[in-house]
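Asker: Structure provided below as structure tokens; questions to follow.
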Amino acid sequence: MVTMKRILILLSTFNGQSVVKRQVESIIAQREVDAHILVRDDGSSDNTLDVLFDLRKKYRNKIEIIKDANIGYRKSFFYLIQSAQEYDYYGFSDQDDLWMDDKVISCIKLIENHKDKGPKLAHVGAISVDENLKKRLQQEKRKPKPSSFKMAIATEYFQGCGMIWNKELMRIVRLYVPRDTRITHDYWVGLLGYLFGDIYFCSKPKFYHIRYKTNSSRDGNILLGRVDRLKKIFTTDSAYMNPAQDLSNGYSSLLTKSQKNFLNKLINYRKNSKNKISILFDIRFKRPTLLATLLFKFSILINHY
């Protein structure tokens, strides 16, 4: 008899009473795995918690609920990471998507087809749909992984709701919590997976990424995303996530000398003109498109990275 792999899905909810039930049930229904959910409610003011407690009664020993105050989704997910017990695999989930029943096992098979041990992360593509599950014209294209260390720093390659990683990577992730509260959970785990583990990608979509009319996120809309980014460049000093200080603080012993040297440039670029010039003219430190790279480098030029 084959023992099913145990996976813990980390879910942060906020005012999701109308959407969370369908997503939770699609996680519990994952085939060929023993799926569990650790959910932290981020101070919902609607009936989200009532829905969750009803689900916990229905799926006994499958759902653990943390009721807590509002701290924002970034801190909420990092709290979940540190609160998780040991499982074979882990994943993130949005509260309002819908997973195909082979999403998790598809990722696990990708990982376990490679017999060598160590930190591993797999991620899958998604179908972007509206709230009626109708396919949207604009679809996000995911790449298997960054082409270099510098591109991994510059770009958010991994979609949290599409990622599954093993307990070996989780041990590395839990070594250090970023002090910079602007860093998102999925960017951080994906970056650590790329730096210290192996990355696998399933290009066949395995979940529906639902875009509601009320979504505040610009995911899937390139034009609106660029407009928002441009506003941030001029109005904040952090238009992009800069993980250099946190990587240096938490993982210096695991980084190569050249990686540490580059991170040091990113840490000190505002005070050291030579570092800034070096970064601006580094053709390997870029985002996926020319326009995205130009905006990125402009934010560095005006000290807003």
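The values are calculated or read from the model by the stated rules, or taken from the named source; none is laboratory data. Here the structure is a predicted model, which means the values were calculated and not measured. All Cβ positions, glycine included, derive from the backbone under ideal geometry; neighbour counts span all protein chains shown. Heads up: the accessible areas ignore ligands, DNA and RNA and are worked out on the full protein's heavy atoms, side chains in. Shrake-Rupley method; radii C 1.70, N 1.55, O 1.52, S 1.80 Å.
Asker: What's the number of the only condition in (1) within 30 Å of residue 46 (Cα to Cα); (2) touching a Leu at 6+ places or on another chain (Cβ under 8 Å) that residue 70 fails to meet?
Answerer: Only one criterion in (1) within 30 Å of residue 46 (Cα to Cα); (2) touching a Leu at 6+ places or on another chain (Cβ under 8 Å) is unmet by residue 70, namely (2).
Asker: Could you tell me which numbered condition residue 120 fails, if it satisfies all but one of (1) of a type in the set (D, E, K, R); (2) open to solvent by 10 Å² or more (accessible area, probe 1.4 Å); (3) over 13 Å from residue 5 (Cα atoms)?
Answerer: With (1) of a type in the set (D, E, K, R); (2) open to solvent by 10 Å² or more (accessible area, probe 1.4 Å); (3) over 13 Å from residue 5 (Cα atoms) applied to residue 120, the lone miss is (2).
Asker: Hey, can you tell me all the residues within the stretch 248-261 that are open to solvent by less than 40 Å² (accessible area, probe 1.4 Å) and farther than 17 Å from residue 282 by Cβ?
Answerer: Correct list: 248, 250, 251, 255.
Asker: May I ask you to list the residues in the stretch 179-204 that are part of a loop (DSSP other than H, G, I, E, B) and either modelled with pLDDT under 95 or in contact with a Lys or Arg (Cβ under 9 Å, 6 or more places away or on another chain) (or both)?
Answerer: Matches in the stretch 179-204: 181, 182, 183, 184, 197, 203, 204.
Asker: Do the conditions hold for residue 137, that is, is it modelled with pLDDT of 95 or more and either assigned to a loop (DSSP other than H, G, I, E, B) or open to solvent by less than 20 Å² (accessible area, probe 1.4 Å) (or both)?
Answerer: No; evaluated as a whole, the condition is false for this residue.
Asker: Would you be able to tell me the number of residues in the stretch 268-298 that are of a type in the set (A, V, I, L, M), without any contact (Cβ under 8 Å) to a residue 24 or more places away in the chain and part of a helix (DSSP H, G or I)?
Answerer: Within the stretch 268-298, residues that are of a type in the set (A, V, I, L, M), without any contact (Cβ under 8 Å) to a residue 24 or more places away in the chain and part of a helix (DSSP H, G or I) number 5.
Asker: In the set 261, 242, which member is at pLDDT 95 or above, assigned to a helix (DSSP H, G or I), over 19 Å from residue 124 (Cβ atoms) and not assigned by the TED database to the domain that holds residue 33?
Answerer: Matching residue, one of 261, 242: 261.
Asker: Something else now. Can you report the number of residues in the stretch 17-71 which are at positive phi and in contact (Cβ under 8 Å) with a residue 40 or more places away in the chain?
Answerer: Here the count works out to 1.
Asker: Within the stretch 1-59, count every residue that is closer than 19 Å to residue 207 by Cβ, open to solvent by 70 Å² or more (accessible area, probe 1.4 Å) and in contact with a helix residue (DSSP H, G or I) (Cβ under 7 Å, 6 or more places away or on another chain).
Answerer: 4
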